[in-house]
Each structure stands twice: as structure tokens, then as C-alpha cells.
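Notes follow the structure.
Derivation of every value follows stated rules applied to the coordinates shown; laboratory data play no part. Nothing here was measured: the structure is a model prediction, and the numbers come from that model. All Cβ positions, glycine included, derive from the backbone under ideal geometry; neighbour counts span all protein chains shown.
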């Protein structure tokens, strides 16, 4: 386990804290800051004056140097018994970890999607009973846990368990996510897809507004929900975009 400042992130393009919102002092723990979604969420956290600090948790260092940011790099993301001091006094968790289910057995996908998520949620809840937990799921997630698609069943199970836990939990179900502000996927196939889509993204927004969003909108929506809550525990893609515009 390593604890320290993140290294520099040269392409992010964040500058002075924004003036969006007036609520201060939200302390965030962010899982998945080295992934595409988490990287986009981190940028928005750094630019929003309502966010006081961000603790990033993951197996690899993120790549950000900023006064708000500290990082917890650890090999074991299933047991946080030695991270009690790190997890104290957290207001919100933005859980952006996720893997593709392609080529994975249901048991393997269940472990890295359900078991890993719930382990983190339980560790944080034990120390922060007033926590707000924002979980990135996906459009098409199966709340019945009985559907044909394996990934949707497992994601649905994770959502259902989080919603049963005694904290404020919000499920985020984005459709197609377009990266903004220098964010790039680590996967070559997604980078290629985004390169093709980028010139046509404004058209895609007009043709399919209910099914597309951006990394920036997810981040802004999470911050707004952490600061002010939301009437719905499950935010579908249109809800994410609407809340992002309200921040």
C-alpha cells in the first residue's frame, strides 16, 4: 500500500476551481480514477468548489498533481481493514471501477463487479454512516437479476444490494459515454471508436439524446447528487444529463 500525492496529469485541461454551486467541503473518495469514467469524474471534482478533497483508491497511481488530491494505492481492493484512518470523514463515494464482461465467466465477473463494490461500500459505511454512495452501472442493467445478459444481472445485483444498505445510494446508468477534456480510454478498441465518433458526436446527441452522455456530465451529476441529493435512486442517462446541467 502506498499513500501520497498523484503525479502530474498534463492533458486534463483543468484550471481554476469553477464557481458551479455554493455548497463547500464535500470530501470525496473516488474508486477508478485511472479509468476513463473515473478520470473524467476526477477532473470535474477538481474544478468544482464544492469538493474540498478527493482520495483516489486503486491498484495503480492516478496521474494528477493537485492540492485537493491524495491517493491510496493498494493491491487488495477487497479488504480495507488497514485503511480505517484513510476512510474516516468521507462525505461521498464515487465508485467508477468497472470491467468489460467479454470473455469472463459469471463467477469471475461477479467477483470484480459485485464482491469488490460491496466490500468497498461496507468499509466506508462502517466509518461514515451519513455517506452518499454514487455507483456507475450502465444502461440496460437488470434490476430483476433474472435477465438473459450476464453483465446486466450482476450489475443489477450490485445495485440492489447498495440500495438496501443504510446510506444514501444513487445508481448511475449511462448509455454511450463520450470522453471530454483530454480523457482517453486505456483500451485501444475504445480509443479507436471514440476517434471515429468524435466528429459526429453533436449529431449523435441530437439523434439519440436519451442514450448518450459524457465523462464531464457524469462527474458533474455525481457532485450535484452528493451536494443536494436526488428524488430518484436510479438515474438513467437523461437524468444524468439533466442533473449535470443543474450543478
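For residue 102, put the label point 7 Å out on the Cα→Cβ axis and report which residues of region 147-169 keep their amide N under 15 Å from it. Output list for this probe position: 151. Could you compute the FRET efficiency for residue 232 and residue 144, with r as their C-beta to C-beta distance and R0 at 22 Å, rounded to 0.05? Efficiency, from the Cβ-Cβ distance: 0.75. Working note: 222 nm ellipticity from helices only, DSSP H runs with n ≥ 4, each -39,500 (n - 2.57), summed and divided by the residues of the chain, gives -10000 deg cm²/dmol to the nearest 500. Working from label points 7 Å from Cα in the Cα-to-Cβ sense, the residue 130 to residue 111 distance is 3.8 nm.
Among 201, 114, 135, the largest mean-square fluctuation in a Gaussian network model of the chain (Cα springs under 10 Å) belongs to 201. The stretch between residue 200 and residue 25 holds 59.2 nm of extra length on full extension. This uses 0.36 nm per residue minus the Cα-Cα distance. A Förster radius of 51 Å combined with the Cβ-Cβ distance from residue 65 to residue 210 puts the calculated FRET efficiency at roughly 0.85.
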